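The values are calculated or read from the model by the stated rules, or taken from the named source; none is laboratory data. On a predicted model such as this, the values are computed, not experimentally measured, just so you know. Reconstructed Cβ throughout: ideal geometry from the backbone, glycine too, with neighbour counts over all protein chains shown.
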Amino acid sequence: MKKFDPHALRREFPIFNRKIFGKPLTYLDSAASAQKPRILLESLKSFFENHYANIHRGVYLLSFEATEMYEAARNKVAQYLGTQNPKEIVFVRGATEGINLVATCFGKTFVHEGDEILISHLEHHSNIVPWQMMVEERGAHLKVIPINQNGDLDLEAYQKLLTKKTRMVAVTHVSNALGTVNPIRTLSDLAHKRGAKILVDGAQALAHAPTNVCELDCDFYVFSGHKLYGPNGIGAVYGKKELWEKLPPYQGGGDMIESVTFEKTTYAHVPQKFEAGTPNIAGAIGLGAVIDFLKTLDWESIKIHEKNMVDLILKGLAEFPQVKLIGMPTQRMGVVSFVIDAIHPHDIGTILDREGIAIRAGHHCAQPLMDFFKIPATVRASVGIYTTPEDIQTFIVGIKKVLEVFKL
Amino acid sequence: MSDLEDLYQELILDHSRHPRNFGHIEKPTCEAQGYNPLCGDKINLSIKIQDGVINDVKFEGSGCAISTAAASMLTEEMKGKKINEVDPIFQAFHSLVTGSDKKTDIDLGKLASMEGVKEFPMRVKCATLSWHTLKAALEKKEEIVSTE
Ligand SMILES: Cc1ncc(COP(=O)(O)O)c(C=O)c1O
């Protein structure tokens with residue numbers, strides 16, 4: 001394992017050679033999408049130059065190689081998530097498609113009139129809307145676990161909301177808007193005691209530390225490759241094997257069948273059953289290459305480093321009385337959200353952009369959460385493995401500039 | 001002046017902090033809502049029309065400095081204008097904030113201060129949200145207009 005050095009690691013990400021309005025790039029929007037390591041670009045180039053063909057179809061060498069590489073990527077994802085069985089991994093376009101897949105298929109089998117699905121007030125729209133659509137169709141109900149002003153889940157309320165009728169608890173591992181880390185193992189133990197299943201949205205969490213789905217004891221875990229320094233258009237769903245086997249297919253088409261006649265079709269086994277059509281072959285292979293790269297990193301040091309970067313942001317912002325932090329979660333990962341009195345987040349975003357600083361300004365696809373704090377939007381700064389103390393300094397100077405422009 | 005100082009000049013900051021004609025007209029002739037899903041900017045524009053002339057126009061809502069200032073200036077500039085003057089003024093304003101070199105001899109008044117937006121293509125929608133809403137209101141569109 002290489003000793004962790006954020007400056008050295010940063011050199012593995014070619015985008016940092018880019019100048020923005022003549023200034024070095026200060027990228028504090030990894031929570032929206034992470035930048036790409038050189039190894040990803042090289043793996044994609046090599047795949048297209050040497051091995052490209054469709055998978056699971058041809059008898060010729062290229063197709064054989066592409067299939068092997070695609071399935072090897074599935075193996076890598078499985079191992080990275082802490083399961084030994086690659087058949088528990090279904091490739092999808094990303095977290096959004098993963099949640100839609102589970103909501104749709106799980107709903108068809110397990111959700112009936114009067115049943116309940118539990119989500120939390122912290123969720124991204126992609127972990128709200130698919131469940132809303134499903135409960136509407138099934139005549140079931142959506143219940144919401146409340147949060148407190150810090151942005152932590154109310155665990156007492158959670159226990160009360162869990163009933164015999166609860167079929168599924170769908171919660172985020174880490175909140176994309178506040179950085180709250182949810183106590184997943186506690187949530188899943190309680191859910192299971194009630195006979196409910198649990199889906200964990202790992203879109204944010206996985207980028208900040210490897211995880212282990214067995215230790216979390218979750219039934220489903222979804223993530224997007226692009227937030228994990230990988231390609232976009234690829235992601236995966238982990239699901240427990242016995243659950244996958246009970247679910248009906250998601251989409252119909254090629255690759256998901258065993259045999260087709262006009263009278264009757266029998267379906268392929270898991271995971272192919274859920275991967276209709278030609279998948280994002282290169283995306284999966286690129287994701288596998290990135291996971292190989294991530295596995296060489298010293299994550300204990302990275303976790304400390306990222307926490308230090310978040311603390312530097314909090315300390316820097318504390319110098320400005322005009323800045324109000326949104327959410328003070330007990331356990332935080334990767335993200336700081338704030339507002340400045342009398343300056344709209346988009347104006348802050350525009351001024352910082354001219355300094356080469358990329359942050360996110362908006363509702364972060366979490367409008368119910370914004371409503372909870374009675375704000376339309378926040379500014380969000382988020383860190384990644386390549387974030388340096390200099391980035392944070394530049395950002396804090398940028399905030400000073402914002403206040404100057406607005407004469408505050 | 002730097003791009004930023006030009007964009008956030010005194011007049012614009014003033015209108016964003018102290019928007020003029022902020023509120024809702026009782027019994028308006030027409031009104032419309034505008035929404036920018038990207039920013040979450042929301043605006044309601046209510047209008048009183050008499051004999052083809054905009055007698056009064058008010059707005060309410062929340063948004064960034066650019067969209068608030070643009071809406072505020074719009075209400076000031078549109079009062080007393082004939083309905084058939086709206087389109088050409090909007091065209092001229094649109095050319096101004098997008099930096100298109102279409103020549104017009106229309107006097108934009110205070111709206112001319114928004115020229116700085118042309119250096120910030122991502123913010124053009126903020127500047128034009130109230131205008132799209134105005135047009136929707138005049139066409140008496142019931143549905144919410146969206147910038148997307
Ligand atoms: C917590 C969380 N869940 C889900 C998503 C959706 O991910 P994607 O847009 O990659 O499908 C995101 C990304 O914005 C997220 O932050």
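Could you identify the single residue in A:184, A:145 that is modelled with pLDDT of 95 or more, crowded, with 23+ Cβ neighbours inside 10 Å and touching a Phe, Trp or Tyr at 6+ places or on another chain (Cβ under 6 Å)? Result: A:145 is the single residue among A:184, A:145 that is modelled with pLDDT of 95 or more, crowded, with 23+ Cβ neighbours inside 10 Å and touching a Phe, Trp or Tyr at 6+ places or on another chain (Cβ under 6 Å).
Inspect region A:329-341 for any residue being outside any loop (DSSP other than H, G, I, E, B) and without any contact (Cβ under 8 Å) to a residue 12 or more places away in the chain and give the result as yes or no.
Residues of region A:329-341 that are outside any loop (DSSP other than H, G, I, E, B), as a first pass: A:332, A:335-340.
If we keep only those that are without any contact (Cβ under 8 Å) to a residue 12 or more places away in the chain as well, we get none.
Within region A:329-341 (the criterion being outside any loop (DSSP other than H, G, I, E, B) and without any contact (Cβ under 8 Å) to a residue 12 or more places away in the chain), the answer is no, since none of the residues qualifies.
Please verify whether region A:304-321 includes one or more residues that are outside any helix (DSSP H, G or I), surrounded by fewer than 19 Cβ atoms within 10 Å (Cβ to Cβ) and touching a residue at least 40 places away in the same chain (Cβ under 8 Å). Looking for residues that are outside any helix (DSSP H, G or I), surrounded by fewer than 19 Cβ atoms within 10 Å (Cβ to Cβ) and touching a residue at least 40 places away in the same chain (Cβ under 8 Å), one finds at least one in region A:304-321, hence yes.
Residue-level analysis places residue A:342 among those that are modelled with pLDDT under 95, over 22 Å from the mean Cα position of the chain (by Cα) and either more than 17 Å from residue A:227 (Cα to Cα) or among the small types (Gly, Ala, Ser) (or both). When A:239, A:283, A:230, A:225 are checked against the criterion of being crowded, with 19+ Cβ neighbours inside 10 Å and out of contact with any Gly (no Cβ under 7 Å at 6 or more places or on another chain), A:239 stands alone in meeting it.
Looking only at region A:124-148, residues that are in contact (Cβ under 8 Å) with a residue 40 or more places away in the chain and among the polar types (S, T, N, Q) come to 2 in all.
Criterion first (out of contact with any Cys (no Cβ under 8 Å at 6 or more places or on another chain), within 14 Å of chain B (Cβ to nearest Cβ) and more than 18 Å from residue B:4 (Cα to Cα)) does residue A:369 satisfy it? Here the answer is yes, as residue A:369 does meet what is asked. Restricting to region B:115-128, name every residue that is within 14 Å of chain A (Cβ to nearest Cβ), surrounded by 14 or more Cβ atoms within 10 Å (Cβ to Cβ) and part of a helix (DSSP H, G or I). The answer is B:116, B:117, B:118, B:119, B:123, B:124, B:125, B:126, B:127. On the stretch given as region A:1-39, residues that are more than 14 Å from residue A:384 (Cβ to Cβ), surrounded by 15 or more Cβ atoms within 10 Å (Cβ to Cβ) and either within 16 Å of the ligand (Cβ to nearest atom) or of a type in the set (A, V, I, L, M, F, W, C) (or both) total 2.
May I ask you to say which residue of A:106, A:91, A:110 is within 16 Å of the ligand (Cβ to nearest atom), over 27 Å from residue A:370 (Cβ atoms) and at pLDDT 95 or above? Working first, answer last.
Working: A:106 fails: within 16 Å of the ligand (Cβ to nearest atom); A:110 fails: within 16 Å of the ligand (Cβ to nearest atom).
Testing whether each residue is within 16 Å of the ligand (Cβ to nearest atom), over 27 Å from residue A:370 (Cβ atoms) and at pLDDT 95 or above leaves just A:91.
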